[in-house]
Amino acid sequence: MNFVELSKKFEEEIIAERRYLHSNAEVGFELPKTVEFVERKLTEMGYRVKRCGKNGIVTTIGNGAGKTFLLRADMDALPVKEESDVEFACKNGCFHGCGHDMHTAMLLGAARILKAVEAELNGTVKLMFQPAEEILSGAKNMIENGLMDSPKPDGAMMLHVMAGLPMKTGSVIVSAGGISAPAADYFTVNIKGRGCHGSMPQDGVDALSVASHTVVALQEISARELGVSEAALLTIGSLRAGTAGNVIADTAVFEGTLRSFSDEVRLRLKKRLEEISVGIASTFRAKAEVVFGNGCPSLVNDEKLSESVKKYIEDLLGEKSVFSSDDFGEDSSKKGGSEDFSYISREVPSVMLAIAAGNSEEGYAYAQHHPKVMFDESVLTVGSAVYAYSAFRWLQDNK
């Protein structure tokens with residue numbers, strides 16, 4: 001059976017579903033319209049749907065015997081005002097600027113395809129519709145609430161659309177074995193000093209000055225404490241302190257993020273961030289508290305699964321439409337953002353795919369998270385077929 005042709009039969013529905021999701025973008029775990037819509041569509045197809053954690057959705061298809069392959073789509077948007085000129089633009093101040101509406105619509109398309117070939121499935125496909133990927137919390141929450149149970153997946157795959165690439169639309173990039181997305185940790189550093197009149201600094205402890213010294217000192221971690229092969233980033237994007245020009249600031253707060261690939265480097269970065277912040281504050285008679293927020297480990301792709309999925313998609317789309325991330329150089333994995341699918345990759349063999357969804361030379365000039373980004377809807381049926389065929393073939397090969 002030709003999965004691409006089968007997917008084309010559902011193109012009208014897949015596009016309509018993507019546009020509904022786009023027009024009704026919601027963020028984080030708060031996805032009432034999105035979840036209701038996805039549950040209703042799956043139920044109409046004949047699936048038995050259940051909630052998993054806070055607004056996660058899980059369903060299965062297959063004979064219940066043999067192995068299980070998990071397909072994941074994320075559903076949440078960004079708290080960004082949309083500036084694209086599409087006719088179905090979202091008006092509520094949120095925006096699917098990372099393409100999660102595309103992912104969800106493609107997995108709904110895959111659900112239709114899998115229903116059509118259900119009798120031929122050699123095992124079970126588990127469909128995972130995830131909230132809160134943008135805040136790196138949804139996958140962990142679903143795992144903590146039974147995602148990996150009844151049945152436990154034996155392999156897993158995710159797909160992410162990419163706009164603004166100088167690649168043929170519909171091209172698929174399969175992550176090679178190893179790490180394809182860095183770990184992420186968000187942090188807040190609270191500095192407590194003692195406020196006073198600006199003309200009498202001896203009576204106070206300047207929290208703004210302490211924060212400034214700390215921000216500069218933290219850059220020394222990358223410059224002097226990491227080796228050339230230990231890729232990591234420390235970014236401080238926000239600093240708030242003081243309310244008037246003639247008042248010594250009583251408190252200061254700065255926020256940032258850590259990105260790393262090695263678990264050992266990740267732990268070392270967090271430890272040194274705390275030591276430096278607390279130490280400098282103490283030196284200047286202040287106090288510092290470091291609070292770590294949401295985060296996730298690095299995403300590890302299983303080498304065997306990566307090779308298998310690449311072969312499946314070559315069979316599906318042709319060799320000229322499929323690439324390995326290795327084709328773009330050994331540093332290609334160090335250019336992407338973090339992905340909380342990483343939690344799943346630490347549980348079962350997993351692989352991350354990307355699909356070109358808008359050529360930069362054909363009117364799709366903006367990349368993800370830009371308020372004007374747009375995605376080429378012609379890839380929706382391609383992505384649906386890739387999802388379904390990869391699971392179908394893996395179950396055939398792993399009876």
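Which condition number in (1) more than 25 Å from residue 385 (Cβ to Cβ); (2) among the hydrophobic types (A, V, I, L, M, F, W, C); (3) more than 19 Å from the chain's Cα centre (by Cα) is the one that residue 114 fails?
Failed condition: (1).
Which of the following residues is on the phi > 0 side of the Ramachandran plot and open to solvent by less than 70 Å² (accessible area, probe 1.4 Å): 318, 337?
Exactly one of 318, 337 is on the phi > 0 side of the Ramachandran plot and open to solvent by less than 70 Å² (accessible area, probe 1.4 Å), namely 318.
Which residues, counting only those in the range 284-316, are over 26 Å from the mean Cα position of the chain (by Cα) and without any contact (Cβ under 8 Å) to a residue 12 or more places away in the chain?
Hits for the range 284-316: nothing passes.
Checking the condition part of a strand (DSSP E or B), of a type in the set (Gly, Ala, Ser), touching a residue at least 24 places away in the same chain (Cβ under 8 Å) and over 29 Å from residue 343 (Cβ atoms), which residue from 217, 211, 252 passes?
The unique qualifying residue is 252.
I'd like the residue in the range 109-167 that is under 26 Å from residue 21 (Cα atoms) and among the basic types (Lys, Arg) and, out of all such residues, is least open to solvent (accessible area, probe 1.4 Å).
So, considering only residues that are under 26 Å from residue 21 (Cα atoms) and among the basic types (Lys, Arg), the one least open to solvent (accessible area, probe 1.4 Å) is 126.
For every residue, the table says whether it meets (1) in contact with a strand residue (DSSP E or B) (Cβ under 6 Å, 6 or more places away or on another chain); (2) touching a residue at least 40 places away in the same chain (Cβ under 8 Å); (3) of a type outside the set (Phe, Trp, Tyr); (4) more than 15 Å from residue 110 (Cβ to Cβ).
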| site | (1), (2), (3), (4) |
| --- | --- |
| 6 | no, yes, yes, no |
| 9 | no, no, yes, no |
| 27 | yes, yes, yes, yes |
| 48 | no, no, yes, yes |
| 62 | yes, yes, yes, no |
| 69 | yes, yes, no, no |
| 74 | yes, yes, yes, no |
| 82 | yes, yes, yes, yes |
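Restricting the search to the range 327-373, which residues are closer than 30 Å to residue 152 by Cβ, of a type outside the set (Phe, Trp, Tyr) and either modelled with pLDDT under 95 or part of a loop (DSSP other than H, G, I, E, B) (or both)?
Correct list: 333, 336, 337, 338, 339, 340, 346, 347, 348, 349.
Restricting attention to the range 355-368, does a residue exist that is surrounded by 20 or more Cβ atoms within 10 Å (Cβ to Cβ), small (Gly, Ala, Ser) and on the phi > 0 side of the Ramachandran plot?
yes
So which of 229, 238, 260 is more than 16 Å from residue 201 (Cα to Cα), open to solvent by 50 Å² or more (accessible area, probe 1.4 Å) and among the polar types (S, T, N, Q)?
Exactly one of 229, 238, 260 is more than 16 Å from residue 201 (Cα to Cα), open to solvent by 50 Å² or more (accessible area, probe 1.4 Å) and among the polar types (S, T, N, Q), namely 229.
Which condition does residue 1 not pass, out of (1) under 21 Å from the mean Cα position of the chain (by Cα); (2) part of a loop (DSSP other than H, G, I, E, B), if it passes all the others?
All conditions pass for residue 1, except number (1).
Please give the number of the condition residue 185 fails out of (1) farther than 24 Å from residue 66 by Cβ; (2) in contact with a Ser or Thr (Cβ under 8 Å, 6 or more places away or on another chain); (3) part of a loop (DSSP other than H, G, I, E, B); (4) of a type in the set (D, E, K, R).
With respect to (1) farther than 24 Å from residue 66 by Cβ; (2) in contact with a Ser or Thr (Cβ under 8 Å, 6 or more places away or on another chain); (3) part of a loop (DSSP other than H, G, I, E, B); (4) of a type in the set (D, E, K, R), residue 185 is out only on (3).
Can you find a residue that is out of contact with any Lys or Arg (no Cβ under 7 Å at 6 or more places or on another chain), open to solvent by less than 60 Å² (accessible area, probe 1.4 Å), among the β-branched types (Val, Ile, Thr) and farther than 14 Å from residue 170 by Cα anywhere in the range 375-394?
no
Looking at 273, 269, which is the one that is in contact with a Phe, Trp or Tyr (Cβ under 7 Å, 6 or more places away or on another chain), touching a residue at least 12 places away in the same chain (Cβ under 8 Å), under 25 Å from residue 230 (Cβ atoms) and part of a helix (DSSP H, G or I)?
273
What pairs can you find where one residue is in the range 355-379 and over 25 Å from residue 314 (Cα atoms), the other is assigned to a strand (DSSP E or B) and of a type in the set (Phe, Trp, Tyr), and their Cβ atoms are less than 7 Å apart, with a gap of 6+ or different chains?
What qualifies is 371/95.
May I ask you to say which residue of 55, 24 is open to solvent by less than 40 Å² (accessible area, probe 1.4 Å) and within 25 Å of residue 151 (Cα to Cα)?
55
The values are calculated or read from the model by the stated rules, or taken from the named source; none is laboratory data. Keep in mind it's a predicted model, so treat the numbers as computed, not measured. Positions of Cβ are generated from backbone atoms using ideal geometry, with glycine treated the same way; all protein chains shown enter the neighbour counts. Remember, those area values only see protein heavy atoms, side chains included, never the ligands or the DNA or RNA. Shrake-Rupley method; radii C 1.70, N 1.55, O 1.52, S 1.80 Å.
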